[in-house]
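Here the structure comes first, spelled out in structure tokens, and everything after it is commentary.
The values are calculated or read from the model by the stated rules, or taken from the named source; none is laboratory data. Quick caveat: nothing in here was measured; it's all calculated off a predicted structure. Cβ placement follows ideal geometry from the backbone for every residue including glycine, while neighbour counts extend to all protein chains displayed.
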Amino acid sequence: MKKIILVMISMLFAVEIFACDLCSIYIGIEPKDYKNSFGVRYRYRAFESDFLTTNSTSNLKMNYIPAQRKGVINDKHLDESTFNGSENETFTYSETFVSYDVFANFYLTKRFQLNVNTYFADNYTYKNDSTLENISGIGDITITTTYQLYNTTQTADTSKKFIHRVNVGTGMTIPTGSYNKKSIVGFQTKIQPNVILGSPIEELDPHLQSGTGAFSSLFILEYLVKYKNIGLNSNLSYKANTTNKNNFRFANRFNANSNLFYLGKISKNLTLMPTVGTAMEFSNRDTFENYSYLGSGGEVWFANFGTTLFIKNWGLNFMYYTPVYQRLNDLQPENKNRVIAQLTYYFN
């Protein structure tokens with residue numbers, strides 16, 4: 001069977017954030033203002049849809065045949081062989097993306113922050129309950145810096161109840177992750193006298209890799225407003241990607257999210273911060289040798305909720321995302337739920 005192509009990151013930032021590119025950037029929501037930090041993060045993303053098996057590609061709702069050149073299938077999720085089987089048989093195709101992040105955030109001054117993030121990715125594709133592919137490995141390193149343009153607590157009377165903060169930032173992704181791992185998608189046989197020789201058929205899937213193989217630039221805008229214990233935190237980011245050595249290029253990506261939060265002090269060393277909000281991701285199609293990848297790109301909106309528990313110098317965070325609207329290009333499995341769990345240690 002030919003390989004199934006799966007979608008990579010994220011989108012998401014966290015940045016990619018996964019859920020978004022900004023999930024790892026801390027802009028100073030109390031009670032841990034101006035604290036350096038490091039920690040670990042778990043990210044889970046799922047995609048799933050039901051498809052109809054057919055022996056004729058003309059019966060597909062998208063009515064296309066993916067192009068294959070130099071061992072790379074020019075379709076991001078589903079190739080023609082995916083639909084082979086008993087005609088009019090429905091199957092479930094799904095993808096899961098798991099990432100284990102390590103990050104550190106440093107206040108160089110009260111206005112400058114430096115953030116470093118890397119990860120280990122473990123990605124799967126499934127047809128019904130059977131695993132089709134699994135590739136894992138170390139990912140790229142992302143380095144960002146943010147500058148605090150305006151901060152009420154620094155420029156005005158700190159007794160004021162309203163706090164406003166505006167940050168701008170930039171960064172880059174360094175291609176330290178693996179991006180050339182091939183998948184075995186079948187076997188070919190060669191019959192010779194008295195012997196049958198078999199050899200695996202391998203294909204390189206650029207979307208299944210843990211790394212991108214290319215540098216990218218990141219631009220960030222953040223805004224925080226807080227009144228007493230209630231606040232709103234909003235982020236915008238734009239990621240500009242370049243082409244890697246395999247002539248593959250991820251599309252540029254735009255992320256936005258906004259979260260309402262409440263700081264509830266339970267005791268001297270214990271604070272609970274529940275949040276609720278929305279997040280959006282958008283990109284055009286990825287490209288290979290200037291040809292568009294079918295089944296890539298689109299727009300999705302998420303509703304999210306979560307909470308962070310601060311215990312002395314520790315922060316334990318959980319966020320849950322569920323899609324409320326999505327407009328995807330071509331034939332793609334739909335976005336399902338996403339989860340982020342994070343443990344952070346704060347220090348001077």
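Things worth noting here:
- Residue within the range 324-338 that is touching a strand residue (DSSP E or B) at 6+ places or on another chain (Cβ under 7 Å), over 17 Å from PHE103 (Cβ atoms), of a type in the set (Lys, Arg) and surrounded by 14 or more Cβ atoms within 10 Å (Cβ to Cβ) present: yes
- GLY295 touching a Leu at 6+ places or on another chain (Cβ under 6 Å), of a type outside the set (Asp, Glu) and under 23 Å from SER49 (Cβ atoms): yes
- Flag for THR243 being within 22 Å of the chain's Cα centre (by Cα), within 28 Å of THR146 (Cβ to Cβ) and at pLDDT 95 or above: yes
- Some residue of the range 126-134 being among the small types (Gly, Ala, Ser) and crowded, with 22+ Cβ neighbours inside 10 Å: no
- Selection within the range 199-219: residues that are in a loop (DSSP other than H, G, I, E, B) and hydroxyl-bearing (Ser, Thr, Tyr). The member of this set that is surrounded by the most Cβ atoms within 10 Å (Cβ to Cβ) is THR212.
- Members of the range 107-119 found to be exposed (fewer than 14 other Cβ atoms within 10 Å of the Cβ) and either in a strand (DSSP E or B) or among the hydroxyl-bearing types (Ser, Thr, Tyr) (or both), listed by number: THR109, PHE112
- In the range 128-153, the residues that are among the charged types (D, E, K, R), outside any strand (DSSP E or B) and within 24 Å of ASP101 (Cα to Cα): ASP140
- Counting only residues that are closer than 25 Å to ALA240 by Cβ and among the small types (Gly, Ala, Ser), the range 258-284 holds 3 of them.
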